[in-house]
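Take a look at the structure below.
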Amino acid sequence: MKEEGIELIKDGKRLDGRGFEELRPMKIEVGVLKRADGSCYFEIGNNKALAAVYGPREMHPRHLQNAKTAVVTYRYNMAPFSVDDRKRPGPDRRSVEISKVSRDALDPVILTEYYPKTAIDIYVELLQSDAGTRTAGINAASVALADAGIPMRDIVSSVAVGKIDGEVVLDLNAAEDNHGEADMPMAMVTRTGTITMLQMDGRLTKDEFERGLKLATNACREIYELQRTALIEKYSESVGGGEE
Ligand code: UDP
């Protein structure tokens with residue numbers, strides 16, 4: 001969005017060889033951390049995200065408790081070594097913003113009213129980043145919440161669409177994000193079509209926006225199937241007496 005002058009589409013293909021409507025390859029693993037109540041590793045292209053969920057547990061400090069519901073917290077953190085130019089460790093404006101929108105993307109599906117006065121803490125660590133890290137984090141966190149056994153209305157799935165060289169494309173990588181014209185991350189509950197996060201950096205026409213939304217909706221369905229299958233596989237293994 002910021003820099004220009006790079007040709008991002010050649011012979012109808014993107015620089016990494018993908019078509020306009022193609023997601024990067026994904027990998028997902030449930031329950032990778034023993035000390036967390038729920039966890040998930042989610043990979044999409046060169047993004048590697050790890051989510052850990054703790055809770056519901058007693059909320060401290062107590063004055064932050066909600067007498068009627070659990071309080072959901074979300075911490076997004078990009079490791080200093082996860083990007084080409086080392087990132088300064090610790091929170092910054094970007095990570096505070098991403099933590100807030102990601103929390104808000106997941107909160108509507110969590111049945112917080114079941115656990116008054118408690119906290120449900122979600123930690124997302126980006127071990128490798130290549131644009132689309134907030135959406136990768138939400139996908140990982142959503143599965144980690146389910147792995148923690150926290151009652152949810154459904155799983156949230158998340159992806160970005162954008163515009164590069166005048167074309168609406170799915171799931172931007174870092175080169176496309178930096179040199180493209182627009183980036184629109186979103187999160188949704190695929191079964192109901194409810195959008196729980198929608199952001200836009202850059203500009204899209206109404207028609208491009210609608211096309212992008214359709215692309216993202218279809219991609220979220222694909223991601224949802226992967227999330228669902230990973231959870232089913234893990235829990236059918238446990239029930240069948242396989243590895244824990
Ligand atoms: N990025 C970086 N250093 C930073 C912040 C971001 O190299 O301090 C890169 C990283 O690859 C990230 C991408 O820029 O994934 C896009 O960042 P953005 O803020 O658009 O969020 P994202 O697309 O990762 O959700």
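The values are calculated or read from the model by the stated rules, or taken from the named source; none is laboratory data. Values in this document were obtained by computation on a predicted structure and should not be read as measured data. In case anyone asks, the SASA skips ligands and DNA or RNA and just uses the protein heavy atoms, side chains included. Shrake-Rupley method; radii C 1.70, N 1.55, O 1.52, S 1.80 Å.
Numerical summary
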| item | result |
| --- | --- |
| Karplus (6.51, -1.76, 1.60) ³J(HN,Hα), θ = phi - 60°, over segment 179-191, in Hz, Gly and Pro reported as x | 9, x, 9, 7, 9, 10, x, 9, 9, 8, 8, 5, 5 |
| Accessible area of Y123 in the full protein assembly, 1.4 Å probe (Å², nearest 10) | 80 Å² |
| Proximal aspartates and glutamates relative to K117, as straight alpha-carbon distance under 14 Å, when same-chain residues fewer than 8 apart are discounted | E58 |
| Karplus-derived HN-Hα couplings along segment 123-130 (A = 6.51, B = -1.76, C = 1.60, θ = phi - 60°), whole Hz, x at Gly and Pro | 10, 10, 10, 9, 8, 8, 10, 8 |
| Surface share of carbon and sulfur [accessible, 1.4 angstrom probe, percent] for segment 100-215 | 50 percent |
| Residues with amide H under 5 Å from that of K163, placed H, sequence gap 5 or more | V169, E181, A182, D183 |
| Approximate shape of segment 124-244 as ellipsoid semi-axes (Cα gyration tensor, √5λ), whole Å, largest first | 30, 15, 11 |
| Shape of the chain, Cα gyration tensor, a/c cut at 1.5 | prolate |
| Where K27, K68 fall by accessible area, highest first, once all protein chains stay in place (1.4 Å) | K68, K27 |
| Accessible area of segment 121-244 divided out per residue, in Å², using a probe of 1.4 angstrom | 42 Å² |
| Over 30 Å (Cα to Cα) - which of K27/K206; K27/K163; K10/K206; K27/K87; K68/K206 fall in this group | K27/K206; K68/K206 |
| Per-bin percent of Cα-Cα distances, segment 33-136 [10 Å] | 15, 43, 31, 11, 1 |
| Computed accessible area, F20, all protein chains, 1.4 angstrom probe, square angstrom | 50 Å² |
| Per-residue ³J(HN,Hα) for segment 155-161, Karplus 6.51 cos²θ - 1.76 cosθ + 1.60, θ = phi - 60°, Hz, x for Gly and Pro | 8, 9, 10, 8, 7, 10, 10 |
| Kyte-Doolittle at least -0.5, axis length at least 18 Å by Cα - qualifying DSSP helices, the chain | 133-147 |
